[in-house]
Structure formats: C-alpha cells, structure tokens
1. Is it true that residue 199 is out of contact with any strand residue (DSSP E or B) (no Cβ under 9 Å at 6 or more places or on another chain) and surrounded by fewer than 21 Cβ atoms within 10 Å (Cβ to Cβ)?
2. Scanning the stretch 49-81 for residues that are under 9 Å from residue 149 (Cα atoms) and over 11 Å from the mean Cα position of the chain (by Cα), which turns out surrounded by the most Cβ atoms within 10 Å (Cβ to Cβ)?
3. Could you list, in sequence order, the residues of the stretch 239-263 that are touching a residue at least 24 places away in the same chain (Cβ under 8 Å), within 15 Å of residue 128 (Cα to Cα) and not in a loop (DSSP other than H, G, I, E, B)?
4. Out of curiosity, is residue 164 surrounded by fewer than 20 Cβ atoms within 10 Å (Cβ to Cβ) and touching a helix residue (DSSP H, G or I) at 6+ places or on another chain (Cβ under 7 Å)?
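Coordinate-derived values only; no laboratory data. Values in this document were obtained by computation on a predicted structure and should not be read as measured data. Using ideal geometry, Cβ is built from the backbone for each residue, glycine included, and neighbour counts are taken over all protein chains shown.
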C-alpha cells in the first residue's frame with residue numbers, strides 16, 4: 001500500500017518526522033537530504049505567522065515593559081498590512097513587539113497558551129488617537145506590520161465584518177490577559193467616568209457586561225462573526241470599548257480598510273458599511 005510505502009521510507013530516514021495518514025505518499029522532514037520517489041514536506045520551510053487578533057503585544061520605555069492586546073488588522077491599497085490596538089497600549093513607545101516584553105519575566109500575566117519566546121519587533125506605530133483631554137471618544141492606534149497576519153482571532157473566531165453592537169446581544173472578548181470571556185451588550189453608546197492618574201476622564205463608547213483586566217486593552221469584542229468593539233477599560237464586572245463607527249472612520253481617513261478574508265465577504269453579498277468607533281481610556285486605572 002502507498003501508506004506503507006511512506007511509512008517505511010520515514011522509519012528508515014533519520015530526518016523524517018512522520019508520515020500522513022490522509023495523503024498516501026506524503027511524509028514530513030525537518031530539512032531536505034536526498035530525493036526519493038515520494039511527496040516530501042519540509043516543515044522548517046512552512047511560512048510562520050503567529051500574528052492573530054487577541055494576542056499579547058507591547059513594548060518598552062524608560063526601563064518599563066508594557067502589554068496590551070492586538071485588536072485586528074487593516075490594509076492599504078498597496079496590500080500592506082497594519083495592526084490595530086488601543087492608543088494607551090502604545091502611548092509612550094513606537095516599536096511594537098510580540099509577545100510583550102512584560103511576559104518574559106512574568107509569563108503568568110497571560111491566559112493565552114503562547115510560547116513565551118524572545119520578543120520580536122513586529123512593526124512601528126504610525127497613528128495614535130489623542131487621549132489627553134478630559135473628554136475622549138476614541139482610544140485607538142495603528143502600527144505597520146513586517147509580516148503577514150493570520151486573519152483569525154486567537155480564540156479561533158473568524159470575523160467577516162465590523163458591525164454595531166445591540167443591547168442584550170451575547171458577546172465574546174479575546175484578551176491577552178484573561179483570554180476568552182463572555183458577556184452581554186449593555187449600551188451601544190454611553191459616556192462613563194474613568195479615573196486617569198490625575199483626573200477623571202469622560203469616555204464615550206460602547207458598554208458591556210464582561211470581565212477584563214489590565215492587559216486586555218485592545219481586545220476585540222465579537223458578536224457572532226462580527227467585531228463590534230475593542231476593550232478600552234473595565235472594572236472586572238463591566239467594560240467600555242471603542243465605538244465601532246469611530247474606529248472605521250479613522251481607519252478610512254488614514255487610507256486604510258479593515259482586512260478580512262475576501263472570499264468570505266463575497267459569500268455574504270452586501271456587507272454592512274460602518275465607520276469606526278470612539279471610546280476613551282487614557283492611561284486609566286481601569287485598564288492597562
């Protein structure tokens with residue numbers, strides 16, 4: 001049988017890792033050695049892309065390391081990809097790393113089961129919304145990406161468009177600190193008081209009954225296969241997030257468009273158009 005053929009080749013090849021039980025002549029090696037009459041997949045040659053929404057990103061400034069969550073991705077007309085997160089996540093540094101440098105000495109700070117390897121720079125911040133006034137309606141940053149992302153969240157949710165949240169809808173958040181948590185929409189648009197270091201800041205955005213902690217800032221919030229917001233701040237019991245209309249309008253003003261799987265969007269036919277969200281969070285006590 002063909003499967004026995006691949007199996008026998010693999011067993012007698014010290015560089016072979018294993019063989020396929022579904023592809024009759026396929027077996028897997030770490031690196032090429034010699035040509036044989038079979039299909040060989042060199043695993044070390046597989047393109048690596050660990051960038052998904054919901055993963056822990058961060059950077060360092062003045063001897064301190066910071067962590068937040070990668071919200072989602074955007075694309076320009078030339079096909080270049082960009083990452084999206086909260087402005088306060090990258091408030092005082094420009095080079096964004098995955099994973100966050102904060103996890104090197106503190107791996108327990110993430111619920112995501114990612115390998116805590118040496119942080120690698122993945123891009124440079126090109127835009128931060130202003131979060132220094134007493135009233136804020138958008139907390140969002142955009143950074144370049146030096147690698148092509150995987151258009152899925154770490155929670156294995158595959159979004160296909162941005163959409164509005166509606167009251168009492170069930171939601172799922174994918175955060176770098178606390179992983180997947182579920183909750184409900186409390187209000188599409190509300191203004192809440194957030195305690196910043198030296199003042200109370202009024203933040204206008206969507207309100208959710210959902211658990212989050214410091215490090216979850218930027219977490220995408222999903223209703224089904226729609227992204228409806230990104231976490232800006234929370235108390236543990238409820239959280240506020242960017243108003244999706246302000247998020248999208250800001251991306252479009254930068255010449256960027258939300259990046260999704262084109263074939264999936266095509267299946268939908270007409271995809272709802274929205275601009276993007278507004279929410280404010282500053283270096284607030286509610287979330288980091």
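1. yes
2. Residue satisfying both the conditions and the ranking: 81.
3. 246, 247, 248, 249, 250, 251, 252
4. Criteria met by residue 164.
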